[in-house]
Amino acid sequence: MNSMKMKIAVIFGVAQMLLGIFLKSLNAVYNNDFLEYLFEFWPQFILMWCWFGYMSLLIIYKWLIFYTDTSIAPSIIASMIDMFLKFGAVEKEPILSDRSTSESIQVALLIVSFLCIPLMLLVRPIHSMMTQGKHELPDTSLHGVETIAHTNTLKGRKDGFHQFVDEEDLADRDDIDKEINREEQKIQYNKFVLPNPENKSKTLGQDTEGDGNDELEESMIRRRKTAKQLEDKDSHDLSMVQLRK
């Protein structure tokens with residue numbers, strides 16, 4: 001009974017590991033990660049069947065055979081050890097069919113399993129090395145950004161620090177910065193170029209009085225306020241993250 005309970009526990013353990021690998025494949029499909037699905041799930045799944053799945057089949061097959069003398073029954077543990085140490089050679093009584101068939105099956109399982117190991121361990125690191133620097137991923141290690149519900153992008157500043165900016169606000173902020181630069185250029189042009197008598201003939205139809213400058217300055221102030229509100233929003237997000245930490 002102890003031997004039977006041990007073998008049943010082995011079968012349940014192998015089934016549980018296969019279920020975990022299968023759930024991993026579902027996650028890979030859901031996340032559209034073809035590298036994990038092709039070069040991690042399938043090699044792991046095949047490797048499990050070649051080693052532990054084959055051992056479970058030997059257990060079940062041995063249960064179905066009647067031995068008049070159990071002392072001469074082949075040992076599954078010894079068969080699995082000889083499979084790896086002697087590269088599939090069967091020296092004792094085989095469990096499956098005859099000796100040549102068992103050796104052919106074990107050699108094929110070893111070759112397939114050994115091919116799965118480099119696929120499982122080397123493909124993803126090589127892919128990461130080849131694509132390193134081409135795709136910059138957002139930094140999720142600073143300020144507890146992993147707790148933020150929305151996607152953030154790390155933006156560098158001139159003072160050496162970094163701030164997190166919502167991606168949905170990046171386009172608006174770039175447009176505001178460009179518009180502010182254009183307004184500043186217009187003000188500089190109206191203040192320093194138009195008052196010069198030599199340049200008046202080049203700017204026919206343009207108002208050089210202070211009213212136009214005042215309107216431009218007011219427009220620039222409004223746009224600066226909008227940009228300031230976006231910066232206040234970013235600082236509020238960072239303070240909320242620090243409080244969560």
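The values are calculated or read from the model by the stated rules, or taken from the named source; none is laboratory data. Small disclaimer: the values here were computed from a predicted structure and weren't measured. Ideal geometry is used to build each Cβ from the backbone, glycine not excepted, and the neighbour counts take in all protein chains shown.
Assorted remarks:
- Residue within segment 105-127 that is of a type in the set (D, E, K, R) and touching a residue at least 60 places away in the same chain (Cβ under 8 Å) present: yes
- Selected residue (criterion: surrounded by the most Cβ atoms within 10 Å (Cβ to Cβ)) from residues of segment 52-80 that are over 17 Å from R99 (Cα atoms) and modelled with pLDDT under 85: Y67
- Candidates are the residues of segment 108-139 that are over 28 Å from the mean Cα position of the chain (by Cα) and either of a type outside the set (G, A, S) or modelled with pLDDT under 85 (or both); the one that is surrounded by the fewest Cβ atoms within 10 Å (Cβ to Cβ) is I111.
- The sole residue among I105, I95 that is at pLDDT below 85, hydrophobic (A, V, I, L, M, F, W, C) and surrounded by 11 or more Cβ atoms within 10 Å (Cβ to Cβ) is I95.
- For segment 2-79, the helices (runs of 4 or more DSSP H) that sit wholly inside it and include 1 or more residues that are closer than 30 Å to P125 by Cβ, small (G, A, S) and without any contact (Cβ under 8 Å) to a residue 24 or more places away in the chain are 2-30.
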